[in-house]
Structures are given as structure tokens and as C-alpha cells.
Amino acid sequence: MERLRYPSAPTVTAVEKEPQLKELHLVRAVIFNDQAQALLIKRGPNQSFDTFLWELPGGKLNEGEDALEALKREVHEETGLEVRVPEQVKMEDNRTMEGGKYDGVNAKTETWVCLTDEYEVNLDVEEVPEHAGAQWCTKAEVEEMYEKGELSITTKQAIENFLLIPTSNS
């Protein structure tokens, strides 16, 4: 009697899923130049939420990174600007993110006031595809963008605090 040969079964290796992200630590910069203009950058078409809304430069902290180090790194990566933090003037916000790839994630956002002597923003859309533009704005221009709903939610909160724009809750 002939034995039937079965092809050997492929080796199956269990793939560990990455643990679901539960918390996110973010930094944002309200950058002022010597003309009292604030820098806003426009979110690009590849963003999973707040597409084409204006926001503040910033991003996620790397593991073990200090918040101020992360702030300066993110600002430089996104804009090419060197900034200084004259005093530790910051706002902290804790909220659960809604929508996009971070839906349901608890986010701690630190927003810092920064100064720069530079005006030229080097926003390389090819290298940093998440942004579609940058603009230095006067308080009046920021207020107009705010009224038109052109700002991301974290930017709205920072603008309300640092530029003292009255809100409907005030």
C-alpha cells in the first residue's frame, strides 16, 4: 500500500498586534514674530481629520523626549524655524480625540508661546506632505479665520487663551 504524501503545512507564526494606543502626548507652538504675527500652517489633503484647516506647528513626543525638546524639533521639522521659549508660558489640554486614526485616544496637548526672529517658513510640501501652506497672521486675520471656522479645534483653544479672543461662552 502506497502512502499518500501531503504537502507540509506552512509554518504559521503568530503576529502580535501592536497594543492599541491609549494616550498621546502632543506639543504645539504659538509662534510670534517681532511684528506680533502668529504662524499658522494648513493641514494637507492626506490628513485623517481637520483636512485643510489651519493649525499650530507641533506634533508627538518621541519616547523619552522632553516636551520642550520635542516642541523645538517639531517646529523645525515642519517650518525650518528656530524658536525660543522666553518663559514657560503654556496651556495644557486633556481630551479624548474624535475621528481619524486617533479616535478614542486620550491626548495631552501642551501649547507653548514661542518667539522667532525669522520670517521665512520653509514648508517643503514634498517632504512634509501633511501641510499645504503656512501664513503669518495678525490678530485680526486670526480672528477672521476663527469666525469662519478655518482653525483646528486645538488651535481654536490656544488662540482663545493666548490671543484673548472672546468666545460665546465668555
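Every number in this text was worked out from the coordinates using simple rules, so none of it is lab data. Keep in mind the model is a prediction, meaning the values are calculated, not measured. Heads up, the Cβs are rebuilt from the backbone with ideal geometry, glycines too, and the neighbour counts pull from every protein chain shown.
Observations
- Ordering of 100-110, 65-75 by packing [mean C-beta count within 10 Å, highest first]: 65-75, 100-110
- Members of Lys108/Lys156; Lys108/Lys139; Lys60/Lys101; Lys72/Lys148; Lys42/Lys156 lying beyond 20 Å, as alpha-carbon distances in this model show: Lys108/Lys139; Lys72/Lys148
- Couplings 3J(HN,Hα) for the stretch 61-73, derived from phi with the Karplus relation 6.51 cos²θ - 1.76 cosθ + 1.60 (θ = phi - 60°), are 6, 7, 4, x, 8, 6, 4, 5, 4, 4, 4, 5, 5 Hz, where x marks Gly and Pro.
- R0 of 22 Å, Cβ-Cβ distance Glu130-Val85: FRET efficiency to nearest 0.05: 0.40
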